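The next block holds one structure in the form of structure tokens; read it before the comments.
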Amino acid sequence: MRDTYVLGVGMSNFGKHLDKSLKDLAYDPIWDAIRDSKIDPHDIDIAFVGNAYGGVLQGQESVRGQVIMREAGITGIPIINVENACASGSTAFYLAHRAVAAGQAELALAVGVEKLFCGDTPTSLKALSTSTDVGIEGQMGMLFAGIYAMRFRSYMAKYGVTREQLAKVAAKNHFHGSLNPHSQYRKPYSVEEILESRTIADPITLLMTCPLGDGAAALLVGTKEMAERMGKRPIKVGSSMLGSFDISGREELSIAARTSRKAYAEAGVTAKDIQVAEIHDAVAPIELYLYEELGFCEPGGSGRMIDDGATRYDGKLPVNTSGGLTAKGHPAGATGIAQLAEVTWQMRGEAGGRQISPPPNVGMTENGGGNMAGETAVVAVNILKGE
């Protein structure tokens, strides 16, 4: 396996785009990634296109990637459709990285796109609820906020985490989102405003949850030689790992903990080496849970991290400088690649008003999707290294 590098990245503004199709949403990010890479688009050897709900919501099945790439003017190459719940984009990146690392391709394109607004919110929510075993969990009528709420009530009772600390996570991410021109929500909120917003599933309030959204992101993976020709800081893929749920009883660690440990080992780093992270805060309180699962703090230490401001963009370990899913938005299939775009921008010093100083050398992304028997169905963890 040879080293691979993140080349160009591109991302649409996340939000409500009723007048745009999947093809429209993906077009600009694809070409922004190509222009950023300074490559000839004819050199792209293979494309992986991640999308989770286009079949349910747009009725476009089977050849979504081919349809999207034709609109972008890229045809004749292998185009692989990737569907893996909210980790569809991350999985597309995982496959693009593996294709180049294995020598199957010199230049691979990963695209993530989702259009969740369809003019009928219940239909969109029903589509999201299909990311479970519909023969079991689906019959219970449980949405993800309810699953997370039950998990976090237990976590709060065990460690003394408070509702105010949960709200501080959302306040941090809304502040970061206000600095991100791609973010769906660009208004900062106070802890009090977040606590006073409508309760979704106690202790989770409306401003602690990610919105429905439309959007796309794209990224090119290539060789070191290609990265050096760009004239920008080369960003190496230290590791890219996928994990799936395990109910065999053999594993005591959560899926996020298991997958992140494998990613750290492959990249030759530890959690203490991470200098910026984008993690999957589908509801803001899960960010606290992930601080512990990813090894950023000891068990029960997440509340202190948020109280100390450690995870602000100017803190010791900035987390979700993009605004996270809470503020940046969560067009499911696009989220994983958007996370990678943010970490790449931070490591290159291109993140504008939310830029970490100095630019970090080691960054990570964690992106989950679906639910199986109370555990996240799939988790992707990626480690990037600046050279």
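The values are calculated or read from the model by the stated rules, or taken from the named source; none is laboratory data. Keep in mind it's a predicted model, so treat the numbers as computed, not measured. Quick reminder, even Gly has a Cβ in these numbers, built from the backbone with ideal geometry, and neighbours come from all protein chains shown. With ligands, DNA and RNA removed, areas are computed over all heavy atoms of the protein, side chains included. Shrake-Rupley method; radii C 1.70, N 1.55, O 1.52, S 1.80 Å.
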Counting residues that are open to solvent by 60 Å² or more (accessible area, probe 1.4 Å) and among the hydroxyl-bearing types (Ser, Thr, Tyr), which helices (runs of 4 or more DSSP H) fully inside the range 1-119 reach at least 1? 22-37
Can you go through 292, 287, 252, 278 and tell me which one is touching a helix residue (DSSP H, G or I) at 6+ places or on another chain (Cβ under 6 Å) and open to solvent by 10 Å² or more (accessible area, probe 1.4 Å)? 292
Would you mind listing the helices (runs of 4 or more DSSP H) fully within the range 232-325 where at least 3 residues are over 30 Å from residue 222 (Cβ atoms) and out of contact with any Gly (no Cβ under 6 Å at 6 or more places or on another chain)? 285-293, 302-307
With small (Gly, Ala, Ser), at pLDDT 95 or above and over 18 Å from residue 238 (Cβ atoms) as the only criterion, which of 386, 363, 353 stands out? 353
Only one of 239, 260 is modelled with pLDDT of 95 or more, within 26 Å of residue 9 (Cβ to Cβ) and either surrounded by 23 or more Cβ atoms within 10 Å (Cβ to Cβ) or among the hydrophobic types (A, V, I, L, M, F, W, C) (or both). Can you tell me which? 260
Which residue, of 361, 367, is open to solvent by less than 20 Å² (accessible area, probe 1.4 Å), of a type in the set (S, T, N, Q) and touching a Gly at 6+ places or on another chain (Cβ under 6 Å)? 367
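Of a type in the set (Gly, Ala, Ser), in contact with a Pro (Cβ under 6 Å, 6 or more places away or on another chain) and closer than 22 Å to residue 354 by Cβ - does that describe any residue in the range 112-124?
no
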Determine whether residue 322 is open to solvent by less than 20 Å² (accessible area, probe 1.4 Å) and either under 30 Å from residue 3 (Cα atoms) or in contact with a Pro (Cβ under 9 Å, 6 or more places away or on another chain) (or both). yes
Could you list all residues from the range 338-353 that are open to solvent by 10 Å² or more (accessible area, probe 1.4 Å) and either on the phi > 0 side of the Ramachandran plot or part of a helix (DSSP H, G or I) (or both)? 345, 348, 349, 352, 353
Residue 194: at pLDDT below 95 and either in contact with a strand residue (DSSP E or B) (Cβ under 7 Å, 6 or more places away or on another chain) or closer than 26 Å to residue 314 by Cα (or both), yes or no? no
Residue that is farthest from the chain's Cα centre (by Cα), among those in the range 107-125 that are among the small types (Gly, Ala, Ser) and farther than 15 Å from residue 217 by Cα: 119
Just for the range 295-308: of the residues that are touching a residue at least 12 places away in the same chain (Cβ under 8 Å) and open to solvent by 20 Å² or more (accessible area, probe 1.4 Å), which one is farthest from residue 1 (Cα to Cα)? 307
Here the qualifying pairs (Cβ atoms under 6 Å; residues six or more apart or on different chains; first in the range 8-25 and modelled with pLDDT of 95 or more; second open to solvent by 10 Å² or more (accessible area, probe 1.4 Å) and of a type in the set (S, T, N, Q)) come out as 14/184; 15/184; 25/12
